[in-house]
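Presented below is the structure to which this report refers.
The values are calculated or read from the model by the stated rules, or taken from the named source; none is laboratory data. Bear in mind the structure is a predicted one, so any value in this text is a computation, not a measurement. Because the Cβ atoms are built from the backbone with ideal geometry, glycine has one as well, and the counts that use them run over all protein chains shown. Just so you know, the surface numbers come from the protein's heavy atoms only, side chains and all, with ligands and any DNA or RNA stripped out. Shrake-Rupley method; radii C 1.70, N 1.55, O 1.52, S 1.80 Å.
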Amino acid sequence: MQISSYLLLIFLVLGGIASLQFYKGRKINTSIMIHYIRKFEENLSLRDKMYTYLGGYIGFKAKYDLQDKNIKRMELVLTLIPRQSLFWLPFSYPFKRGDRLYLMVYPKFNIRRDAHIVQNFYYLFGPNITEREHLKKEPASISRFNNYYTLYESKSDYDKLKKLIEDTFEDPRRVRHIALNRENNSLFILMKPDINATPKELKKLIENFPKVFDEWSYFKSEE
């Protein structure tokens, strides 16, 4: 009977802590989402926008039609760790590795070749790259960080992706995977977002992408 009383007390305490964590974590995730939405809209020149929320506090999807001569639209998915769940939160880190931001940038110019830069050991089972058997693989570095590898058809595309990261992001280590995808004509980025830096980085990304790949874009001819 005494043991049962102790167990009941433990369950009551854990239940109380879990309830507090739920309300606190929900408030934090909601504030994070609102902040990102406001700052993304402030830093991007939008023609149209559409949002889809993911389960309330998990994150959101956004589609931005841009007013830009070289970029048609940007699509992004922000997924947040479950700060509202006391018991699932510790287990989310090995799988999600923190908050994630997925970006798809669709240019008006044509992507000519496939290329990737991937952070070593970020994916538990490796990235799903369907065209990898046709690409050359070798170790890669960004700035002074060597924990990457690259897959490419042309070495020049790796050099340009590297420059795009270094010119755009304050901390290159937050970029987990960047890729040129010829099949759907897009630039893909998976990164760890920074609540202060990322909105400005998206603006720089839209500016830098056509400049770095200027031989593919209309950037020079329209200046």
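Assorted remarks:
- Solvent-accessible surface (1.4 Å probe) assigned to Arg73 amounts to roughly 60 Å².
- Residues Thr130, Thr30 ordered from highest to lowest accessible area at a 1.4 Å probe: Thr130, Thr30.
- Amide H contacts of Leu54: Gly59, Phe60, Lys61, each under 5 Å away and 5 or more positions distant or on a separate chain (H built 1.01 Å from N in the peptide plane; Pro and chain starts excluded).
- Taking all protein chains as shown and a probe of 1.4 angstrom, Lys63 keeps an accessible surface of around 80 Å².
- Net charge, Lys136 excluded, C-beta distance under 14 Å - Lys, Arg +1, Asp, Glu -1: -3
- Listed pairs Lys61/Lys211; Lys39/Lys211; Lys69/Lys137; Lys39/Lys136; Lys61/Lys204 exceeding 31 Å between Cα atoms: Lys69/Lys137; Lys39/Lys136
- Nonlocal amide H pairs with Arg73, under 5 Å, H built at 1.01 Å: Leu66, Tyr106
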